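Shown next, in structure tokens, is the structure this report addresses.
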Amino acid sequence: MSHVIWDWNGTLLDDLSAIIEAVNEALCSQGAQAIEPEQYRDHYTRPVKRFYERLLSRSLSDRDWAHLDESFHDAYRSRMAAAPLAADAMQALAHVQALGATQSLLSMLRHQELMRALEGRGVREFMLHVEGLTGTAGDGKARHLLRHVELLCGARGDLTPADCLVIGDSLDDARAAAEVGLRCVLYDSGTHHRHELERVGVPVADGLLQALAMAGIGQ
């Protein structure tokens, strides 16, 4: 592996509490009850619209979904700055850099919000390329990951998909990596139940440095 593609929310950024609080504000805007972390893990999926439909036990019109999505982002934006990086995030980034590998960041957070989230955190300096969501998320991360890899291979002429490793925290990260043909290690940060992550068939780590070690980086 000579390139690591990092996820942001729930991976480099420890923001699960902020996300659940923002989800609860969005649910309240629909007259629904707040959820606890366990309920979040029980229902979380992509596309996110389906996640809310599971929580609300009903289909969402385009108008209701747009309102929920905006409510979530408004609420999350107010909490984002206070969310800390994962405990070993900076160590993991420095470790990869010290080995001479390159790194990038691909997030399904809106691109401008991602750029704001990165300000002052010292993360962007490690990245060959940073990409947040532009347009709509669609059915998942796979098509965004494919485009991301194509951009990386263009920017680093000696890079091929076989050289890339995805580190994320969600089932969608693992599915996207599989669809694009990349190796993946998942970090158990609480987004899903552990047994769900293990069922996907990729290594599951308790920290980011351990995720790198499981992929053989630095060994």
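Observations on the structure shown:
A quick yes/no check of all residues on (1) modelled with pLDDT under 95; (2) aliphatic (A, V, I, L, M); (3) buried (at least 17 other Cβ atoms within 10 Å of the Cβ); (4) under 27 Å from ARG41 (Cα atoms):
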residue	(1), (2), (3), (4)
LEU133	yes, yes, yes, yes
ARG143	yes, no, no, yes
GLY168	no, no, yes, yes
ALA176	no, yes, yes, yes
ARG199	no, no, no, yes
ALA205	no, yes, yes, yes
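- Here CYS153 fits the description: more than 24 Å from ASP206 (Cα to Cα) and of a type outside the set (Ser, Thr, Tyr).
- Total residues in the stretch 80-98, condition surrounded by fewer than 16 Cβ atoms within 10 Å (Cβ to Cβ) and modelled with pLDDT under 95: 2
- Applying the criterion of being of a type in the set (Ser, Thr, Tyr) and either at positive phi or in contact with a Leu (Cβ under 9 Å, 6 or more places away or on another chain) (or both) to the residues of the stretch 61-79, the residue that is surrounded by the fewest Cβ atoms within 10 Å (Cβ to Cβ) is SER71.
- Counting only helices (runs of 4 or more DSSP H) that sit completely within the stretch 58-159, those holding 2 or more residues that are in the same structural domain as ALA22 (by TED's automatic domain parsing) correspond to 62-80.
- Looking across the stretch 1-51, the residues that are in a loop (DSSP other than H, G, I, E, B) and modelled with pLDDT of 95 or more come down to ASP7, TRP8, GLY10, THR11, LEU12, ASP14, ASP15, ALA34, ILE35, GLU36.
- When the residues of the stretch 111-126 are filtered to those that are surrounded by fewer than 19 Cβ atoms within 10 Å (Cβ to Cβ) and either in contact (Cβ under 8 Å) with a residue 24 or more places away in the chain or of a type in the set (Gly, Ala, Ser) (or both), the one that is nearest to ARG147 (Cα to Cα) is GLU113.
- Residues that are of a type in the set (A, V, I, L, M) and over 16 Å from the mean Cα position of the chain (by Cα), drawn from the stretch 150-179: LEU151, LEU152, ALA155, LEU159, ALA162
The values are calculated or read from the model by the stated rules, or taken from the named source; none is laboratory data. These numbers come from a predicted model, not from an experiment. Positions of Cβ are generated from backbone atoms using ideal geometry, with glycine treated the same way; all protein chains shown enter the neighbour counts.
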